[in-house]
Amino acid sequence: MDVIRGRSVVLRPAQSSDRRRFREILATPEVARWWGDPDEEAAEACAPGEDIRSYAIEYEGHVVGIIQSCEEPTPAYRSAGIDIAVHPGWHRRGIGAAAIHALARHLLDVDSHHRLTIDPATDNEPAIRLYRSLGFRPVGVMRNYERHQDGSFHDGLLMDLLPEELRLPGT
């Protein structure tokens, strides 16, 4: 896996030594409401499955988040999905946008994917605004898409992006 350099971030492959920091990020209330169990998610991010790539998001020398891609390798359907979590102490600095743009550019240009997806909860309005600003478009609502830790379900918004739709952060 390559180190990916963005405008203000570095995405480096996740390592087992990142587990404690990832857990800290995933356990913050602002992040935990959208992700699963912080211990399980951190462990999985440091030892991902075969078609998943996990990266630590570094900003100014600090690990401030996690970004992952899940890839569909079948040639006729070659595409990738993206998931991201940024520590709330680093929100509103353009870090998430820079990380998504860098990973998207890599997935499209280097890995030759023809389409990217991202699937925020329908009530995660800040995330949806961010993804729209980068060029992702809503495709539809996936009802009862994801189970919360309390056992309740929430809807997800499937969004996708084609190569020519990707926009630089802040444009």
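In summary, Glu60 fulfils each of the numbered conditions (1) acidic (Asp, Glu); (2) within 23 Å of Gly170 (Cβ to Cβ); (3) surrounded by 15 or more Cβ atoms within 10 Å (Cβ to Cβ) with the single exception of condition (3). The set of residues from region 124-159 being part of a loop (DSSP other than H, G, I, E, B) and in contact with a His (Cβ under 7 Å, 6 or more places away or on another chain) comprises Leu134, His148. Taking (1) closer than 20 Å to Asp160 by Cβ; (2) out of contact with any Ser or Thr (no Cβ under 6 Å at 6 or more places or on another chain); (3) of a type in the set (Gly, Ala, Ser) in turn, Ala42 satisfies each apart from (1).
Residue pairs whose Cβ atoms lie under 7 Å apart, separated by 6 or more positions or on different chains, with the first residue in region 126-152 and touching a residue at least 40 places away in the same chain (Cβ under 8 Å) and the second of a type in the set (Val, Ile, Thr), do not occur.
In region 8-27, how many are touching a Pro at 6+ places or on another chain (Cβ under 7 Å) and open to solvent by 20 Å² or more (accessible area, probe 1.4 Å)? Spell out how you get there, then give the answer.
Narrowing region 8-27 to residues touching a Pro at 6+ places or on another chain (Cβ under 7 Å): 23, 26-27.
From what's left, open to solvent by 20 Å² or more (accessible area, probe 1.4 Å): 23, 27.
Count: 2.
Of all residues in region 124-154, those satisfying the criterion of being farther than 16 Å from Gly81 by Cβ, loosely packed, with under 15 Cβ neighbours inside 10 Å and touching an Asp or Glu at 6+ places or on another chain (Cβ under 8 Å) are Val141, Arg143, Asn144, Gln149, Phe153.
Set side by side, the residues Ala121, Ala45 differ, and just one is surrounded by 15 or more Cβ atoms within 10 Å (Cβ to Cβ), within 16 Å of Pro13 (Cα to Cα), in contact (Cβ under 8 Å) with a residue 24 or more places away in the chain and under 15 Å from the mean Cα position of the chain (by Cα), which is Ala45. Scanning region 62-88 for residues that are modelled with pLDDT under 95 and not hydroxyl-bearing (Ser, Thr, Tyr) yields Glu71, Glu72, Pro73, Pro75, Ala76, Arg78. Counting the residues of region 67-88 that are farther than 15 Å from Arg105 by Cα, small (Gly, Ala, Ser) and without any contact (Cβ under 8 Å) to a residue 40 or more places away in the chain gives 1.
Each residue in region 68-96 was checked for being of a type outside the set (Gly, Ala, Ser) and under 19 Å from Cys46 (Cα atoms), and 8 of them qualify.
The values are calculated or read from the model by the stated rules, or taken from the named source; none is laboratory data. Source: prediction; values computed, not measured. Reconstructed Cβ throughout: ideal geometry from the backbone, glycine too, with neighbour counts over all protein chains shown. For the accessible areas, the whole protein counts, side chains as well, though only heavy atoms, and no ligand, DNA or RNA atoms are used. Shrake-Rupley method; radii C 1.70, N 1.55, O 1.52, S 1.80 Å.
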